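The structure under discussion appears below in the form of structure tokens.
The values are calculated or read from the model by the stated rules, or taken from the named source; none is laboratory data. Here the structure is a predicted model, which means the values were calculated and not measured. Here the Cβ positions follow ideal geometry from the backbone for every residue, glycine too, while neighbour counts run over all protein chains shown. Just so you know, the surface numbers come from the protein's heavy atoms only, side chains and all, with ligands and any DNA or RNA stripped out. Shrake-Rupley method; radii C 1.70, N 1.55, O 1.52, S 1.80 Å.
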Amino acid sequence: MTNLNLKAFMTRKGRASTPQSLKAAEGQKRNRAGGFTFVISDLDRVKRFLILGSDAGFYASGTELTKENAKVVIRVAQSGQHRELVDLIAETSVAGRAPKQDPALFALAIASSWGEDEDRAYALAQLPKVARTATALFGFLTYVQGFRGWGRALARAVATWYTEKSVEQAAYQAVKYRQRDGWTHRDVFRKAHPRSVDPAFKGLGEWILRGDAGKAPGLVRGF
């Protein structure tokens, strides 16, 4: 049997093997398992988070992973890569690359709360792309309130989420997803005040706010 100590030292490329407990190259950092791994960029870390989320792993709890990932997202949001961050969130969500929407909604909430005014506005403008259902909208609102208050920009973005849809589409969302995460459409209407000159939309608002379906769209009256 060959000597393991001698076998560990080789100069031929690709033949030597470095134990995980030792650095194989400069720039590697120690991980939770006690080994050394290559370091990825913050944007790559965000991409991993958007797709895989931060459920508990073998070496760390879900809470620990969430805290670490959130710090990375905040760091990118405060950097000159804010737009790249928002585009990555929207692209990952729209392409359906993640099994769950929560990481994208969480990251968008952070991007809407950190950075310059125009950067936060850019993030809020992507809300309809990322939150495509009322369930996702309610989830985003739950997350974003953990980072910021209800200013004009947030209220306007949420109002636009309703008004940019056709009345039929908005009514469908209001009927199908009536309550999630402790939110109702009535709660959101009272905070965002979505307005439209369309009589049917006004009728939808009367039903949401006061329960009067007299002038609401046919879908609501049928419901």
- [ ] Could you calculate the FRET efficiency of Leu43 with Leu209 from 1/(1 + (r/R0)^6), where r is the beta carbon distance between them and R0 is 45 Å, rounded to 0.05?
- [x] 0.60
- [ ] Please work out how much accessible surface Tyr122 shows to a 1.4 Å probe, ignoring ligands, DNA and RNA, in Å² rounded to 10.
- [x] 60 Å²
Open item on the list: Under a crude label model (7 Å from the Cα following the beta-carbon direction), how far is Lys129 from Arg97 in nanometres?
Closed with: 1.3 nm
TODO: For the stretch 176-223, state the average projected area of the convex hull of the C-alpha atoms over all orientations, rounded to one decimal in nm².
DONE: 3.4 nm²
TODO: Give me D for the stretch 47-185 in µm² s⁻¹, whole number, from Stokes-Einstein with Rh from the Kirkwood sum over alpha-carbon pairs, 25 °C and 0.890 mPa s.
DONE: 160 µm²/s
- [ ] Determine the gain in length on full extension of the stretch Lys176-Ala155; use 0.36 nm per residue of separation and subtract their C-alpha separation, reporting nm with one decimal.
- [x] 5.3 nm
Open item on the list: Taking θ = phi - 60°, what integer Hz values does the Karplus form 6.51 cos²θ - 1.76 cosθ + 1.60 yield along the stretch 107-117, in sequence order, with x for Gly and Pro?
Closed with: 5, 5, 4, 5, 5, 7, 10, 10, x, 6, 3
